[in-house]
Amino acid sequence: MKKIIIANWKLNPQTPREARMLFGAIKKTADKQTKVKTIICPPAIFLPLFDSFKKSSQLSLGGQDCFWEKEGAFTGQISPTMFKYSGAEYVLIGHSEKRALGDSRDILRAKIKIALESGLKVIFCLGESERDAGGRYLDVLRQQLNDGLEMIKKKNYFDKILIAYEPVWAIGQTAKTADTPEDFLHNSLFIRKEINALAGKDRAMKIPILYGGSVNKKNASEFLSIGQADGLLIGRESLRPNNLAVILNEAQALA
Ligand code: PGA
């Protein structure tokens with residue numbers, strides 16, 4: 001299976017010019033990695049800028065979020081169909097930064113449903129805010145997974161979904177550290193077991209499970225090798241094309 005590397009640019013960069021430069025720099029390396037699928041998730045407004053770059057099967061685009069209605073009087077929102085026709089093939093749903101801004105489980109369910117119905121593939125993000133030694137955080141993961149997968153099960157959309165496990169405490173500027181690859185392996189096995197219970201072994205084995213949270217050029221390869229991650233969801237380090245190139249090369253070597 002191809003390794004999947006997702007670049008989540010968040011609220012960066014600030015100008016179309018910088019976005020084009022960053023995209024071009026990442027694309028240069030990504031196009032060479034035949035065993036890696038790179039997915040760039042830029043701010044939505046930049047998506048059409050990348051139309052002029054030659055398409056390649058190694059590189060796809062994704063949205064960072066989408067609205068839960070298809071159309072109508074919803075000022076400021078962007079529908080999954082708009083993403084699709086602006087070049088996105090994927091969309092992140094359930095990112096902890098969106099959950100923190102109010103995405104409840106009902107909202108997430110509605111977003112997943114409409115994104116899949118509109119033809120996007122969903123990168124469903126989940127992760128606990130705190131890790132306790134007693135393992136109660138696993139109940140949080142189970143609940144998030146059940147909430148997210150309920151709809152997918154109903155409609156049998158399992159081949160259109162990826163899971164990104166991102167412990168909230170490991171994400172972003174304030175994170176002190178990434179998770180360990182050993183713990184990721186443990187937690188991803190837990191997630192697969194839960195999917196198995198929900199949807200059977202075949203599907204549980206096929207759904208890619210990615211790690212995210214303070215991934216950088218130093219720790220990335222360990223998550224892919226020791227942690228056996230199917231891929232990585234990368235924030236800050238995805239804005240540094242040279243460092244991301246190191247990660248893409250390693251992913252290619254380990255795939
Ligand atoms: P980070 O972000 O790599 O900057 O920790 C990861 C994410 O939010 O997806």
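Data for the structure
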read-out: Some residue of segment 94-116 being touching a residue at least 60 places away in the same chain (Cβ under 8 Å), in contact with a Gly (Cβ under 7 Å, 6 or more places away or on another chain), part of a helix (DSSP H, G or I) and open to solvent by less than 40 Å² (accessible area, probe 1.4 Å); value: yes
read-out: Considering residues of segment 44-63 that are in contact with a Phe, Trp or Tyr (Cβ under 8 Å, 6 or more places away or on another chain) and open to solvent by 20 Å² or more (accessible area, probe 1.4 Å) only, the residue farthest from Ala245 (Cα to Cα); value: Ala44
read-out: Test: Glu71 is open to solvent by 50 Å² or more (accessible area, probe 1.4 Å), in a loop (DSSP other than H, G, I, E, B) and farther than 20 Å from Ile45 by Cα; value: no
read-out: Residue among Tyr211, Tyr157 that is open to solvent by less than 80 Å² (accessible area, probe 1.4 Å), more than 20 Å from Leu232 (Cβ to Cβ) and hydroxyl-bearing (Ser, Thr, Tyr); value: Tyr157
read-out: Residue count, segment 54-105 (criterion: more than 19 Å from Gly127 (Cβ to Cβ) and not aliphatic (A, V, I, L, M)); value: 27
read-out: Any hit, segment 126-149, residues being within 11 Å of the ligand (Cβ to nearest atom), in contact (Cβ under 8 Å) with a residue 60 or more places away in the chain and touching a strand residue (DSSP E or B) at 6+ places or on another chain (Cβ under 7 Å); value: yes
read-out: Conditions (1) closer than 27 Å to Glu18 by Cβ; (2) at pLDDT 95 or above: number failed by Gln173; value: (2)
read-out: Restricting segment 189-205 to residues that are in contact with a helix residue (DSSP H, G or I) (Cβ under 6 Å, 6 or more places away or on another chain) and basic (Lys, Arg), the residue that is surrounded by the fewest Cβ atoms within 10 Å (Cβ to Cβ); value: Arg192
read-out: Scope segment 168-189; condition within 9 Å of the ligand (Cβ to nearest atom) and without any contact (Cβ under 8 Å) to a residue 40 or more places away in the chain; matching residues; value: Ala175
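The values are calculated or read from the model by the stated rules, or taken from the named source; none is laboratory data. Here the structure is a predicted model, which is why all the values come from computation and not from measurement. Cβ: placed from backbone, ideal geometry, glycine included. Neighbour counts: every protein chain shown. Accessible surface is based on the protein model in full, side chains and every heavy atom, while ligands, DNA and RNA are left aside. Shrake-Rupley method; radii C 1.70, N 1.55, O 1.52, S 1.80 Å.
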